Amino acid sequence: MNRTQTSSDQWGETVRRAQNLDPESFDPIVEEFAPRVRGFLRRFVPEREVDDLVQEVFLRMVRSIKSYQDNGKFEAWVFQIARNLARDQMRRNERGLMVQDESSEQYVAPESSPQFDSHPYDSDAVESIEAALMRLPEAEREVILLRHFARLPFEEIARIMATPLGTALARSHRGLTNLRRMMEERL
Amino acid sequence: MNDDQRRQNEIDQLEQWLARHLPPENVANIEHLKLRVRIELGENWLGTHLDPAGDQVDAGLVNEVLNALPQSERHRKRNARFVWACVGIGMAAVLAVSIWNSSVSPVSNGDLAMVESNDELWLDSIEESVDEDLEEIEDEISELSDFLALNNDTQWFDDTDF
């Protein structure tokens, strides 16, 4: 998978227009990033919370676009916002889970709700890989999904996650290997 | 090939395997999302221009722009409905007050006393006018009697004429 830092070339002009609050400049940004941000967020928060969180990512983007310094890392900037919001939401959900545990009520696990009817993927395999992804440690899942949906280089993922590059690579390798093993065990 | 390169190759292969199994995400409400972003942009712009602490305060410009916004047909219909609703509510309120006044408010003793006193005044005024009329008639009769007595001996007309 070839991931290069093409943000500057691809998004530079669009981002400059967005920084001047040109409304039309945000349309291609939403079209490109909404599915990718949604795909990333959906593996960390319950489905019922995903759409609100996706919207919040773009609202935060609008509010802070002027402070973005165009260094060719627009995708990393977008997914940093998404990651921060996801972590905040996960913390809120964990607090909610603790409150529910204290009141001895059964917690309803986040439902996986694939929207895969319109493409030729094997729905059983998709369901299995979704379940396997959710069984991975959060840090491994995060590296894998940032690679898959944000299409970021490992150097950038390491920076976002505040880890050494070697750690990011190791997490990715271990997570993917485990994912593959779980899928093979299923077969 | 060193360990890092071998690991990087394995990662590449595993990522390609994942990409074949993990479908792209659909966003059903993408147009709604674009609209929401535009609203946020507009609100940010408005907030910047209306912020009294900001450097770009230009309420005149903002009002000018707001006034220049085209009023949609929907807004016009909504405004018309609002006006008619106000008229309807006003008429209903007037009707309700009048019904309440006519049906609920009892006739007090004060009201009756006022009517009775007015009746007395009215009757008094009738009696006075009747008395004055009678006096005039009596005066006329008296004058006529005097006139007849004065001319008692004078034959003014012949009984045979009748």
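The values are calculated or read from the model by the stated rules, or taken from the named source; none is laboratory data. Quick caveat: nothing in here was measured; it's all calculated off a predicted structure. No Cβ is skipped: glycine too gets one built from the backbone with ideal geometry, and neighbour counts run over all protein chains shown.
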Helices (runs of 4 or more DSSP H) (entirely within the range A:61-151) containing at least 3 residues that are within 14 Å of chain B (Cβ to nearest Cβ) and at pLDDT below 90: A:123-135
Leading residue by the ranking (farthest from the other protein chains (Cβ to nearest Cβ)) among those in the range A:154-187 that are in contact (Cβ under 8 Å) with a residue 12 or more places away in the chain, buried (at least 18 other Cβ atoms within 10 Å of the Cβ) and within 21 Å of A:VAL78 (Cα to Cα): A:ILE160
Subset of the range A:19-49 (residues that are over 11 Å from the mean Cα position of the chain (by Cα), more than 9 Å from chain B (Cβ to nearest Cβ) and under 20 Å from A:LEU85 (Cβ atoms)): A:GLU32, A:PRO46, A:GLU47, A:ARG48, A:GLU49
In the range A:156-185, the residues that are within 17 Å of the chain's Cα centre (by Cα) and part of a helix (DSSP H, G or I): A:GLU156, A:ILE157, A:ALA158, A:ARG159, A:ILE160, A:ALA168, A:ARG171, A:SER172, A:GLY175, A:LEU176
Test result for B:ASN29, surrounded by 13 or more Cβ atoms within 10 Å (Cβ to Cβ), touching an Asp or Glu at 6+ places or on another chain (Cβ under 9 Å), among the polar types (S, T, N, Q) and without any contact (Cβ under 8 Å) to a residue 24 or more places away in the chain: yes
